[in-house]
Amino acid sequence: MSRQPENVDSPWAAQQGDAIAELSAVTGGLAHEIRNPLATLKVNLQLLAEDWRELSRLDPAASDLVRRSLNRVETMLREADRLAHILDAFLRYSARHEPRRIPCDLSQLVARIAEFVAPQAAAQGVNLECRDADGPLRVAVDDDLLEQALLNLVFNALQAMPDGGTLTIQTRRLPDGRPAIDVIDTGTGIPPDRVGRVFEPYYSTRRGGTGLGLPTARRIVAAHGGHIDVRSEPGQGSMFTIILPADGPP
């Protein structure tokens with residue numbers, strides 16, 4: 001991946017920041033209002049599916065009608081699940097990210113994430129590697145928020161390797177003293193004309209993607225005073241780098 005890294009905290013992102021903050025309260029409230037009836041809808045669809053299965057057992061003669069009806073109910077359930085997934089992603093994105101900073105060793109954070117995603121990586125035939133900086137890499141961060149941001153980058157990397165590959169998560173200290181975390185995959189890569197758009201809300205090239213995972217990661221890192229760089233080559237893979245300020249605890 002010889003292409004120079006790009007800071008995707010672009011002028012577009014800066015211009016949108018105030019507008020996003022202004023809309024967060026309104027849209028967040030609306031999303032919560034949608035969430036409750038959607039949950040009720042899902043529960044009732046599940047109960048309806050159970051009723052149709054019971055009817056099929058009691059009256060085998062009605063099996064064709066029941067099967068068609070059950071298929072329709074299950075289709076609605078899948079769509080309800082998809083809407084719930086989109087809604088949850090939106091709520092995470094629109095939330096106000098105000099870090100509660102505590103001393104944290106980034107190497108330990110990476111180790112926890114690697115342990116969590118290891119089963120999914122193995123199921124995809126992805127070799128997972130972790131590389132630590134020399135010695136502890138301590139910073140003052142909100143480890144829960146940073147873990148969410150890093151997980152979004154890791155899941156994005158796994159999605160880029162549907163047929164297997166290598167995922168590397170490494171911590172390091174840049175020459176100027178800033179701590180960094182790299183997420184490197186050997187996946188499909190990103191075309192040069194799309195690298196600048198990867199953190200735009202709702203921009204996704206993957207079927208079923210919400211287009212909010214990477215924007216959420218960018219907002220969390222920005223709330224810590226950092227940014228994310230991207231380096232990618234089509235057909236070779238990508239490297240996303242979280243760069244944090246060099247102002248952590250000793």
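The values are calculated or read from the model by the stated rules, or taken from the named source; none is laboratory data. On a predicted model such as this, the values are computed, not experimentally measured, just so you know. Positions of Cβ are backbone-derived with ideal geometry, glycine not excepted, and every protein chain shown enters the neighbour counts.
Only one of the numbered conditions (1) within 27 Å of D81 (Cβ to Cβ); (2) in a loop (DSSP other than H, G, I, E, B); (3) in contact with a strand residue (DSSP E or B) (Cβ under 9 Å, 6 or more places away or on another chain) is violated by P245, and that is (1). Taking the stated definitions as given, is L70 modelled with pLDDT of 85 or more and crowded, with 17+ Cβ neighbours inside 10 Å? So L70 does not fit the description; no.
Filtering L158, L150 for residues that are within 21 Å of Q236 (Cβ to Cβ), crowded, with 17+ Cβ neighbours inside 10 Å and either assigned by TED's automatic domain parsing to the domain that holds V221 or aliphatic (A, V, I, L, M) (or both) leaves a single hit, L158. Tell me yes or no: at least one residue of segment 117-130 is under 13 Å from I242 (Cβ atoms) and surrounded by 13 or more Cβ atoms within 10 Å (Cβ to Cβ). Looking through segment 117-130, none of the residues is under 13 Å from I242 (Cβ atoms) and surrounded by 13 or more Cβ atoms within 10 Å (Cβ to Cβ). Residues that are modelled with pLDDT under 90 and under 15 Å from the mean Cα position of the chain (by Cα) do not occur anywhere in segment 102-122. Against the definition (in contact with a strand residue (DSSP E or B) (Cβ under 6 Å, 6 or more places away or on another chain), at pLDDT below 90 and in the same structural domain as G235 (by TED's automatic domain parsing)), how does D143 come out, yes or no? Yes, satisfied.
Among the residues of this structure, P201 counts as one that is touching a helix residue (DSSP H, G or I) at 6+ places or on another chain (Cβ under 8 Å), at pLDDT below 90, more than 27 Å from N127 (Cα to Cα) and assigned by TED's automatic domain parsing to the domain that holds S107. Is segment 190-204 home to any residue that is under 17 Å from M239 (Cβ atoms), in contact with a strand residue (DSSP E or B) (Cβ under 6 Å, 6 or more places away or on another chain) and surrounded by 20 or more Cβ atoms within 10 Å (Cβ to Cβ)? Taking every residue of segment 190-204 in turn, at least one turns out to be under 17 Å from M239 (Cβ atoms), in contact with a strand residue (DSSP E or B) (Cβ under 6 Å, 6 or more places away or on another chain) and surrounded by 20 or more Cβ atoms within 10 Å (Cβ to Cβ).
The sole residue among I184, I169 that is surrounded by fewer than 22 Cβ atoms within 10 Å (Cβ to Cβ), under 25 Å from Q120 (Cα atoms), at pLDDT 90 or above and touching a strand residue (DSSP E or B) at 6+ places or on another chain (Cβ under 7 Å) is I184.
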